[in-house]
Amino acid sequence: MNLFDKKYIRSVLFSDRFTIIHSVIQNITMFAWLSILIYTRSYYVIYLLIGLLGFLCKKNLNHDKKAIFKRNERLNVILAAVFSFTIILANHDLSSSMIERIAASLKRPSQIENLMNNMALFNVIFILFYVPMLFIGGTYIVYFILSFISQKLTSFVWNRYNYNSDSRSVFLKSFAVITVFFSLIMLLCYYPGISSGDNREQLEQILSGQYSNHHPFYHTMMIRVFVTIGQSLFNSLNIGVALYNLFSIMLLSAAFSYVIVTFHQLNICKNVIICTALFFMLLPINMTYSFTMWKDIPFSAATLFFTVSVFRYLENLGKSQNLNLSISVLSGFGMCLLRSNGMFAFALTFIIFVLWFGKKNQKLCVSLICVIFVSLLLKHPVLSALGVTQPAPVESLSIPLQQISRTVVDNDDLSDEQKKLISKVIEIDKIKEIYDPDISDPIKFYIRDHGGQDYFTQHKSEYIGLYFKLGISHPKSYILAWVDQTKGYWNGGYDYWKFTFTSATDDVGTMRIVYSNALQKAVYSYIKLFEYLDILKPFLSIGLYTWLLLLTVFIGYRKKDKITVFSALPCIAIIVSLLIATPVFAELRYAYATFCCLPFLAVIAFRNNSKETKNEETINHE
């Protein structure tokens with residue numbers, strides 16, 4: 001009998017004996033996945049929760065032996081395999097450390113004679129089975145989760161609730177509660193707000209009148225408005241900074257309230273709305289970020305406003321489409337002007353909007369293309385006319401710099417010509433001394449501070465050629481450099497700073513005042529719980545939020561709901577931009593827009609809208 005005959009293969013796969021064996025293999029590999037990842041540098045609690053969820057979904061899944069041959073199930077397998085592969089990539093250091101132990105053991109004859117005693121044999125076996133066990137186990141876990149969601153999709157729909165209160169009242173009440181809550185924390189514990197070194201530079205620009213677009217110029221201008229009011233009316237920089245931070249609180253509160261009123265108008269059940277409001281208020285990053293002077297906060301608020309307003313426009317939600325359109329345009333400018341990667345994210349979202357919804361929404365298309373055109377004028381010709389300097393070229397080359405640096409550190413076979421070209425920008429020995437796989441600042445700052453960027457700017461074509469030649473000859477170093485530089489955005493959480501509680505602008509003229517030490521200690525302790533307690537760490541994991549973001553896309557696809565899929569695209573585009581040019585491997589504020597938007601996306605993914613799934617085949621694997 002032909003072993004590759006389809007009928008024979010199906011008969012074996014559908015046999016009871018194979019089913020039992022297959023179930024045993026599933027349990028062993030899934031347990032191995034959980035066991036191996038105990039040694040991860042990432043938050044193990046996230047892997048543990050995913051693994052337990054996989055076992056739970058497997059137990060409650062309606063098993064169908066023929067399901068694997070159906071198109072929808074094949075998609076689940078492919079997505080699960082991709083996820084499992086990314087986990088292996090992110091944890092490449094596990095196998096590397098084992099290989100190093102084996103090499104060290106084999107170099108010592110006394111240990112060769114005692115392999116069993118020194119666990120070297122165990123290490124060899126571990127390496128041989130590490131990758132396949134991790135890959136297969138992870139694939140099974142995620143496959144069961146996706147299949148369970150696919151099967152039970154109609155069960156996860158929010159109930160409708162008929163409200164008597166009017167939408168304006170809901171918005172104003174929500175806005176008032178959130179604003180007062182965040183403002184009291186700032187005024188009593190952290191007056192005039194929280195600032196960093198970035199803000200010190202922005203205040204110095206405002207006070208000196210010499211501006212740079214290194215930190216977005218238009219965000220600096222926002223700060224300048226309130227600083228000018230504070231100095232003109234009260235002769236106080238402190239009050240000016242406090243006024244800006246109160247504005248920041250109100251902007252973020254308005255964005256959160258916009259979500260809540262949208263749920264109200266969608267008739268989402270009351271408990272979901274209350275839980276969403278509490279999540280916005282009690283998530284510690286929302287508390288402290290609301291009065292932190294980073295550009296990331298208004299940018300994230302703009303992203304949330306844009307996401308919700310376009311959703312409302314497409315769903316024709318609310319009394320005025322012109323209001324939805326106006327908010328989309330204003331928030332679009334916020335996305336394009338308040339972060340350097342915002343233009344990329346907005347443009348990518350716009351292109352997909354045109355492809356999917358352009359024919360029926362020409363008015364919005366024209367408005368959004370005007371946003372892009374005007375933003376380009378404001379970022380380049382206008383700033384040039386105002387004498388505002390642009391960021392140094394190396395600022396946008398973090399990942400290429402890390403990849404070249406990793407190649408220099410890991411390999412000694414570079415040609416004399418390649419070494420000479422690199423040395424024109426930064427010394428080879430200096431790279432080996434200061435290279436950090438998690439952050440590009442040491443390399444980037446050294447090049448900038450020692451004049452290397454001038455030579456680079458004058459010889460761009462040579463360095464572009466060097467980049468591609470090194471990548472072709474050393475692909476492993478390039479891949480590992482990219483993984484280590486970006487994994488915080490697509491893997492579980494990492495112990496990297498997420499909060500700052502200080503005022504780094506005191507030397508410019510501000511002064512921290514604490515009106516309630518007891519309340520400050522209580523707030524600080526509450527926030528630190530999310531960094532120290534394993535069970536709370538997932539709430540601050542960038543990677544987990546990215547996975548949940550992609551899950552909303554998966555659910556929208558399963559429901560044939562283009563609006564849900566599209567609504568996730570602005571945040572996805574922001575994550576993509578970070579995978580291309582992030583300077584830090586896990587900077588939460590860079591991905592803060594995802595933390596703001598995910599509650600909205602998670603709820604609308606399961607909304608019971610009028611455009612139901614076309615037929616039961618979507619849910620029941622055809």
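The values are calculated or read from the model by the stated rules, or taken from the named source; none is laboratory data. These numbers were taken from a predicted model, which means no experiment stands behind them. Heads up, the Cβs are rebuilt from the backbone with ideal geometry, glycines too, and the neighbour counts pull from every protein chain shown. We work out accessible area using only protein heavy atoms, side chains counted, and drop any ligands, DNA or RNA first. Shrake-Rupley method; radii C 1.70, N 1.55, O 1.52, S 1.80 Å.
Among the residues of the range 399-425, the ones that are of a type in the set (Gly, Ala, Ser) and open to solvent by less than 20 Å² (accessible area, probe 1.4 Å) come to 1 in all.
Per-residue answers, yes or no, for (1) of a type in the set (Val, Ile, Thr); (2) modelled with pLDDT of 90 or more:
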site: Thr139; (1), (2): yes, yes
site: Ile145; (1), (2): yes, yes
site: Ile149; (1), (2): yes, yes
site: Lys152; (1), (2): no, no
site: Ser155; (1), (2): no, no
site: Asn164; (1), (2): no, no
site: Arg168; (1), (2): no, yes
site: Lys173; (1), (2): no, yes
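Answer yes if at least one residue in the range 369-381 is of a type in the set (Val, Ile, Thr) and open to solvent by 30 Å² or more (accessible area, probe 1.4 Å), and no otherwise. The answer is yes, given that some residue of the range 369-381 is of a type in the set (Val, Ile, Thr) and open to solvent by 30 Å² or more (accessible area, probe 1.4 Å). Among Leu317, Leu278, Leu325, Leu348, which is among the aliphatic types (A, V, I, L, M) and under 17 Å from the mean Cα position of the chain (by Cα)? Exactly one of Leu317, Leu278, Leu325, Leu348 is among the aliphatic types (A, V, I, L, M) and under 17 Å from the mean Cα position of the chain (by Cα), namely Leu348. Tell me whether the range 567-590 contains one or more residues that are farther than 19 Å from Ser340 by Cα, open to solvent by less than 10 Å² (accessible area, probe 1.4 Å), touching a residue at least 12 places away in the same chain (Cβ under 8 Å) and not in a loop (DSSP other than H, G, I, E, B). Yes, there is a match, as at least one residue in the range 567-590 is farther than 19 Å from Ser340 by Cα, open to solvent by less than 10 Å² (accessible area, probe 1.4 Å), touching a residue at least 12 places away in the same chain (Cβ under 8 Å) and not in a loop (DSSP other than H, G, I, E, B). For the range 484-496, state whether one or more residues are out of contact with any Cys (no Cβ under 9 Å at 6 or more places or on another chain), closer than 30 Å to Gln205 by Cα, assigned to a loop (DSSP other than H, G, I, E, B) and open to solvent by less than 60 Å² (accessible area, probe 1.4 Å). Looking through the range 484-496, at least one residue is out of contact with any Cys (no Cβ under 9 Å at 6 or more places or on another chain), closer than 30 Å to Gln205 by Cα, assigned to a loop (DSSP other than H, G, I, E, B) and open to solvent by less than 60 Å² (accessible area, probe 1.4 Å).
When the residues of the range 303-319 are filtered to those that are open to solvent by 10 Å² or more (accessible area, probe 1.4 Å) and part of a helix (DSSP H, G or I), the one that is nearest to Ile527 (Cα to Cα) is Phe305.
For the range 433-448, does any single residue satisfy the condition of being closer than 26 Å to Asp412 by Cβ, open to solvent by less than 30 Å² (accessible area, probe 1.4 Å), in contact with a Leu (Cβ under 7 Å, 6 or more places away or on another chain) and in a helix (DSSP H, G or I)? Checked the range 433-448: at least one residue is closer than 26 Å to Asp412 by Cβ, open to solvent by less than 30 Å² (accessible area, probe 1.4 Å), in contact with a Leu (Cβ under 7 Å, 6 or more places away or on another chain) and in a helix (DSSP H, G or I).
Within the range 408-432, being assigned to a helix (DSSP H, G or I), touching a residue at least 12 places away in the same chain (Cβ under 8 Å) and not β-branched (Val, Ile, Thr) holds for Asp410, Gln418, Leu421, Lys430, Lys432. For the range 153-170, a tally of residues being in contact with a helix residue (DSSP H, G or I) (Cβ under 9 Å, 6 or more places away or on another chain) and open to solvent by less than 50 Å² (accessible area, probe 1.4 Å) returns 3. With respect to (1) at pLDDT 95 or above; (2) out of contact with any Ser or Thr (no Cβ under 8 Å at 6 or more places or on another chain); (3) under 25 Å from Asn72 (Cα atoms), the lone exception for Glu616 is condition (1).
The number of residues in the range 316-353 that are aliphatic (A, V, I, L, M), touching a helix residue (DSSP H, G or I) at 6+ places or on another chain (Cβ under 7 Å) and within 29 Å of Gln390 (Cβ to Cβ) comes to 9. When restricted to residues that are assigned to a loop (DSSP other than H, G, I, E, B), open to solvent by 10 Å² or more (accessible area, probe 1.4 Å) and aromatic (Phe, Trp, Tyr), the range 265-298 contains 0.
Within the option set Thr228, Thr154, Thr179, Thr262, being closer than 30 Å to Asn62 by Cβ and either touching a residue at least 60 places away in the same chain (Cβ under 8 Å) or assigned to a helix (DSSP H, G or I) (or both) holds for one residue only, Thr154.
Are any residues in the range 498-522 among the β-branched types (Val, Ile, Thr), open to solvent by 40 Å² or more (accessible area, probe 1.4 Å) and over 31 Å from the mean Cα position of the chain (by Cα), and if so, which ones?
So the first thing to find is which residues in the range 498-522 are among the β-branched types (Val, Ile, Thr), and the list is 500, 502, 505, 508, 510, 513-514.
Among the residues that remain, those that are also open to solvent by 40 Å² or more (accessible area, probe 1.4 Å) are: 502, 513-514.
Hits for the range 498-522 are Ile513, Val514.
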